[in-house]
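So the structure is just underneath, and the comments pick up after that.
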Amino acid sequence: MVSLYDRALTCPLLSQAFSLKNGSDDNFAKIKCLTLNSHYILRSLKDHKYYIGSTSNVEDRLSYHNSGRQKSTKSRIPFELVYFEILPDNGF
């Protein structure tokens, strides 16, 4: 099974960023500041409503929601992941 983050490595923007690593030290310093921010949409299998959120790890966050530890969603579990998008985040 391919993980969500393995799929993200095919993102053209990330591929371009990692290819800059072979360039100047300035470019590499900028890349080291780059973090991944995932936006996701979950659908409750109980009430069929959606939940939108963001995290640095979608797989862990889905497990957290489905464990019932998230107060705002625990009455609506279980959830399924219907969409996610991994974007570079430079702090803006």
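Checking each residue in region 29-64 for being more than 15 Å from Leu87 (Cα to Cα), in contact with a Leu (Cβ under 7 Å, 6 or more places away or on another chain) and either modelled with pLDDT under 50 or not hydroxyl-bearing (Ser, Thr, Tyr) (or both) picks out Leu42, Glu59, Leu62. Considering region 68-86, the residues that are open to solvent by less than 50 Å² (accessible area, probe 1.4 Å) and touching a strand residue (DSSP E or B) at 6+ places or on another chain (Cβ under 8 Å) include one that is farthest from Ser54 (Cα to Cα), namely Arg76.
The values are calculated or read from the model by the stated rules, or taken from the named source; none is laboratory data. These numbers come from a predicted model, not from an experiment. Please note: Cβ atoms are built from the backbone with ideal geometry, for glycine as well, and neighbour counts cover all protein chains shown. In case anyone asks, the SASA skips ligands and DNA or RNA and just uses the protein heavy atoms, side chains included. Shrake-Rupley method; radii C 1.70, N 1.55, O 1.52, S 1.80 Å.
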